[in-house]
Amino acid sequence: MSGSGIGGDFAELDATIAHLQGLAGAPARAVAAAAPKVLAVARKGYAANVGPGGVAWPRNTSNSRYPSLARPAAAVTFRADGSTIRASGEDVLKYHVGAERGGNPVLPARAVFPRDGDMPPEWIAPVEEALRREVEGK
């Protein structure tokens, strides 16, 4: 800042500028850190027969005509793709989304993924925590 008439120690300002410049990749880093945690939250729900947002799936009994989602739901994966979390699962899951969304009309709706990409709060929390850590530099 020579010649500007402003003098002093700008080390703190320089550090703040460097921190802010480092935030450019924060969303992608936060998503990469959060994706496994979101998967863990989702799988915990699946194990309890609960879909996104806490919507309980109809229970399966030994004489149920509805196939169990335990195995295919346990195989669901979430991965970071830039600043987006992508989910994937077995094709059989598409039949359980409910008839109004193009699923099998005979099967009850048992969504495994959020509708229209609208993540439920319990899935958002790990992303927000990871982003907070990135912004605060922890």
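The values are calculated or read from the model by the stated rules, or taken from the named source; none is laboratory data. Source: prediction; values computed, not measured. We place every Cβ from the backbone using ideal geometry, glycine too, and count neighbours over all the protein chains shown.
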query = How many residues, within region 84-125, are within 15 Å of the chain's Cα centre (by Cα) and more than 14 Å from Ser68 (Cα to Cα)?
reply = 19
query = Got a number for residues in region 1-39 being in contact (Cβ under 8 Å) with a residue 40 or more places away in the chain and closer than 26 Å to Pro114 by Cα?
reply = 13
inquiry  = Just to be sure I understand, how many residues within region 8-35 are surrounded by 10 or more Cβ atoms within 10 Å (Cβ to Cβ) and closer than 30 Å to Ser88 by Cβ?
reply    = 12
query = Scanning for something in a helix (DSSP H, G or I) and either basic (Lys, Arg) or at pLDDT 90 or above (or both), does region 72-92 turn up at least one residue?
reply = no
key: Scope region 1-59; condition of a type in the set (Ser, Thr, Tyr) and on the phi > 0 side of the Ramachandran plot; matching residues   = none
Candidate set from region 35-53 (those that are more than 9 Å from the chain's Cα centre (by Cα) and either of a type in the set (Gly, Ala, Ser) or not in a helix (DSSP H, G or I) (or both)); member that is nearest to Ala80 (Cα to Cα) = Ala40
request  = For residues that are in contact (Cβ under 8 Å) with a residue 40 or more places away in the chain and among the small types (Gly, Ala, Ser), tally how many sit in region 88-114.
outcome  = 1
ask   = When only residues in region 96-114 that are modelled with pLDDT under 75 and either among the aromatic types (Phe, Trp, Tyr) or assigned to a helix (DSSP H, G or I) (or both) count, which is surrounded by the fewest Cβ atoms within 10 Å (Cβ to Cβ)?
value = Glu100
remark   = Looking across region 115-138 at residues that are part of a loop (DSSP other than H, G, I, E, B) and in contact (Cβ under 8 Å) with a residue 24 or more places away in the chain, the single one that is surrounded by the fewest Cβ atoms within 10 Å (Cβ to Cβ) is Gly137
